[in-house]
Amino acid sequence: MQEFKIFPMNLEDLELIKNTLISDFDEFWNYDILKTELLSSNSKYIVVRNKDNNIVGFAGIKIILDEAEIMNIVTKKSERNLGIASLMLSYLIKLCSKFSINKINLEVNYKNYIAINLYKKYNFTEVGLRKKYYDNKDDAVLMTLSIKNT
Ligand SMILES: CC(C)(COP(=O)(O)OP(=O)(O)OC[C@H]1O[C@@H](n2cnc3c(N)ncnc32)[C@H](O)[C@@H]1OP(=O)(O)O)[C@@H](O)C(=O)NCCC(=O)NCCS
């Protein structure tokens, strides 16, 4: 595996990838929403950089009392299937454990089997469905992970 390292994400990181968010990462990210998220005191965002110091992934959670919600997790299109999302998700789970969070929740498009596989790999279980949640068309699968705190 290439050398990938995790860092806290800041506004400069977002500015660096601003113009390539859609082309290089995914079409459903929105700069303004990400910026608001990054600035929120309840959010924890991370980036992954490769050995050339380029950002190859980012992810974020929002903490509400003793629960966290996964807001984003995305790997640069050219770098997928190299274990980057696994690195980010395992890091975030450990972080939640450190913050005494009991549960991590998320929602994912039922068609996004790659993301669902990723979450299942880390023992998230399907706990419900939100009908026609995305664009009034696709259902959202609700998944959750109960974590033991260290
Ligand atoms: C989902 C996503 C983050 C995975 O990123 P990644 O860095 O390629 O993931 P990893 O290489 O760490 O793979 C993690 C697991 O995902 C699953 N997975 C990854 N690629 C897959 C593929 N092509 N087909 C099926 N499952 C796949 C596997 O379970 C894999 O674990 P394994 O390699 O041990 O089998 C990436 O595809 C992405 O950015 N998608 C667009 C954004 C998105 O949908 N985010 C989730 C929103 S809820």
* Asked: Cα to Cα, under 14 Å, and not fewer than 8 places away if on the same chain: which aspartates and glutamates meet these conditions relative to Lys131?
  -> Glu107, Asp139
* Asked: From the Cα gyration tensor of the stretch 1-64, with a ≥ b ≥ c the square roots of its eigenvalues, which class applies: rounded if a/c is under 1.5, or else prolate if a/b is larger than b/c, or else oblate?
  -> oblate
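Restricting to Cα pairs below 8 Å that are 6+ residues apart, what does the relative contact order work out to for the chain? Please round to a whole percent.
Working: 252 pairs, mean separation 27.2, N = 150.
Taking the mean separation of contacting Cα pairs over the length of the chain, I get 18 percent.
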* For a quick protection proxy, order the peptides 39-48, 67-76 by their average other-Cβ count within 10 Å, most packed first. => 67-76, 39-48
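Using 0.36 nm per residue, how much length does the chain from Asp26 to Asn136 gain when fully extended, once their Cα-Cα distance is taken away? Present the calculation step by step, with values, prior to reporting the outcome.
On the way: separation 110, 0.36 × 110 = 39.60 nm, distance 1.99 nm.
Length gained, Asp26 through Asn136: 37.6 nm.
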* Label points 7 Å out from Cα along the Cβ direction at Asn81 and Asn53: separation in nm? -> 3.1 nm
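Report the calculated FRET efficiency for Leu95 and Thr125 (r = Cβ-Cβ distance, R0 = 22 Å), to the nearest 0.05.
Step by step, r from the Cβ atoms, then E = 0.60.
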* Peptides 115-125, 49-59: what's the order by average Cβ count within 10 Å, highest mean first? -> 49-59, 115-125
* Structure fact -> Excluding residues fewer than 8 positions from Lys98 in its own chain, the lysines with Cα under 29 Å of it are Lys5, Lys35, Lys44, Lys51, Lys62, Lys76, Lys120, Lys121, Lys148
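Taking 8 Å as the Cα distance limit and 6 or more residues as the minimum spacing, I'd like the relative contact order of the stretch 64-140 as a percentage.
Answer for the stretch 64-140 is 30 percent.
Quick one: grab the alpha carbon gyration tensor of the stretch 66-137, order the square roots of its eigenvalues as a ≥ b ≥ c, and give me rounded if a/c is under 1.5, else prolate or oblate depending on whether a/b is larger than b/c. Before the final figure, lay out the partial values.
Numbers: a/c = 2.01, a/b = 1.11, b/c = 1.80.
Here the stretch 66-137 falls in the oblate category.
Readers should treat all values here as calculations from the given coordinates under stated rules, not as data from a laboratory. What you see is a predicted model; the values in this text were computed from it and never measured. Ideal geometry is used to build each Cβ from the backbone, glycine not excepted, and the neighbour counts take in all protein chains shown.
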